[in-house]
1. Identify, by number, the condition in (1) farther than 15 Å from residue B:2 by Cα; (2) assigned to a helix (DSSP H, G or I); (3) within 13 Å of DNA strand C (Cβ to nearest atom) that residue A:10 doesn't meet.
2. Could you tell me which residue of the stretch B:40-68 is surrounded by the fewest Cβ atoms within 10 Å (Cβ to Cβ), considering only residues that are assigned to a loop (DSSP other than H, G, I, E, B) and under 12 Å from the mean Cα position of the chain (by Cα)?
3. Are any residues in the stretch A:27-39 away from chain B (no Cβ under 14 Å), in a loop (DSSP other than H, G, I, E, B) and more than 8 Å from DNA strand C (Cβ to nearest atom), and if so, which ones?
4. Taking the stated definitions as given, is residue A:81 within 12 Å of DNA strand C (Cβ to nearest atom) and without any contact (Cβ under 8 Å) to a residue 40 or more places away in the chain?
5. Within 14 Å of another protein chain (Cβ to nearest Cβ) and within 12 Å of DNA strand D (Cβ to nearest atom): does that describe residue B:14?
6. Specify the residue that is farthest from the chain's Cα centre (by Cα); the eligible residues are those in the stretch A:69-88 that are part of a loop (DSSP other than H, G, I, E, B) and more than 10 Å from chain B (Cβ to nearest Cβ).
7. So the check is Cβ under 8 Å with 6+ separation or different chains; which pairs have a first residue in the stretch A:55-71 that's on the phi > 0 side of the Ramachandran plot and a second one that's in a loop (DSSP other than H, G, I, E, B)?
8. If residue A:36 satisfies all but one of (1) at pLDDT 95 or above; (2) more than 11 Å from the chain's Cα centre (by Cα); (3) under 30 Å from residue B:49 (Cα atoms), what's the number of the condition it fails?
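The values are calculated or read from the model by the stated rules, or taken from the named source; none is laboratory data. Source: prediction; values computed, not measured. FYI the Cβ positions are ideal-geometry reconstructions off the backbone, even for glycines, and counts take in every protein chain you see.
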DNA sequence: ATCGTATTCAACCTCTCGGTTTATCAACAG
DNA sequence: CTGTTGATAAACCGAGAGGTTGAATACGAT
């Protein structure tokens, strides 16, 4: 596989196990054992998947005694999404949706003030 | 590789040659020879890349005499982008990025790569 | 020091990817 | 029919993905 950043990101996303891991991490940090639990696969296999995700910059790992908690990093996801968006023709739709979302958030913030 | 739709899409995007092909097709239909021209690679290799893209639903191919014009299909791109967006929480950042991207594209209106 | 738990490393296997070359198919032009 | 051009098919190859098992490492608890 090519080793440029976008290629690494997309390749990392091209596996349902890894996507499930990312989905799990979106809810918060987790250890390797916790991440491996749902899968019918060896711990070592999951560890390899995590290495792929780490190389792609999609996760970072801390150290807490013998545990290596994994944390989701969204920067490469944003780069990948930006690449895709350039070739999705529906600019105005997306723009409208985002504009609505922002107005909604701003409105909520205003209400919180009162 | 796993054969579900998202996996096929991301796997197809995980190659710079295929991303360049999609970028080219975003400017309009093209034949296999036209698509192969920029690459230092055999026509057959490009044909294989097109087959991957076709299996992922990212392109469709017509028939015009002995030519097989390729056309970009954005539906899987939108699905992929939607998956990513679910895990990128940074709406306002995205908004800024999109706004910048739109201005950039409106300015350039032309020659660029994957 | 020893044991248990969390994680990784190393070796191995099988299958797919991305490329090649050679041969073949399909459609026009003469 | 023959020849040419556009495109695909088939067979092959080296490298890497994704999984396994077994050993090694790192740290905490006893």
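1. Going through (1) farther than 15 Å from residue B:2 by Cα; (2) assigned to a helix (DSSP H, G or I); (3) within 13 Å of DNA strand C (Cβ to nearest atom) one by one, residue A:10 breaks only (1).
2. Keep residues of the stretch B:40-68 that are assigned to a loop (DSSP other than H, G, I, E, B), which gives B:40-42, B:56-58, B:62-63, B:65-66, B:68.
Keeping just the survivors that are under 12 Å from the mean Cα position of the chain (by Cα) gives B:56-58.
Values: B:56: 22, B:57: 17, B:58: 26.
Among them, the one singled out is B:57.
3. The answer is A:29, A:37, A:38.
4. Taking the combined requirement at face value, the residue does not satisfy it.
5. On the way: within 14 Å of another protein chain (Cβ to nearest Cβ): yes; within 12 Å of DNA strand D (Cβ to nearest atom): yes.
Against the criterion (within 14 Å of another protein chain (Cβ to nearest Cβ) and within 12 Å of DNA strand D (Cβ to nearest atom)), residue B:14 qualifies.
6. Here is the first cut: in the stretch A:69-88, the ones part of a loop (DSSP other than H, G, I, E, B) are A:69, A:73-74, A:88.
Those left that are additionally more than 10 Å from chain B (Cβ to nearest Cβ): A:69, A:73.
Values: A:69: 15, A:73: 6 Å.
So, considering only residues that are part of a loop (DSSP other than H, G, I, E, B) and more than 10 Å from chain B (Cβ to nearest Cβ), the one farthest from the chain's Cα centre (by Cα) is A:69.
7. A:57/A:73
8. Result: residue A:36 passes all but (3).
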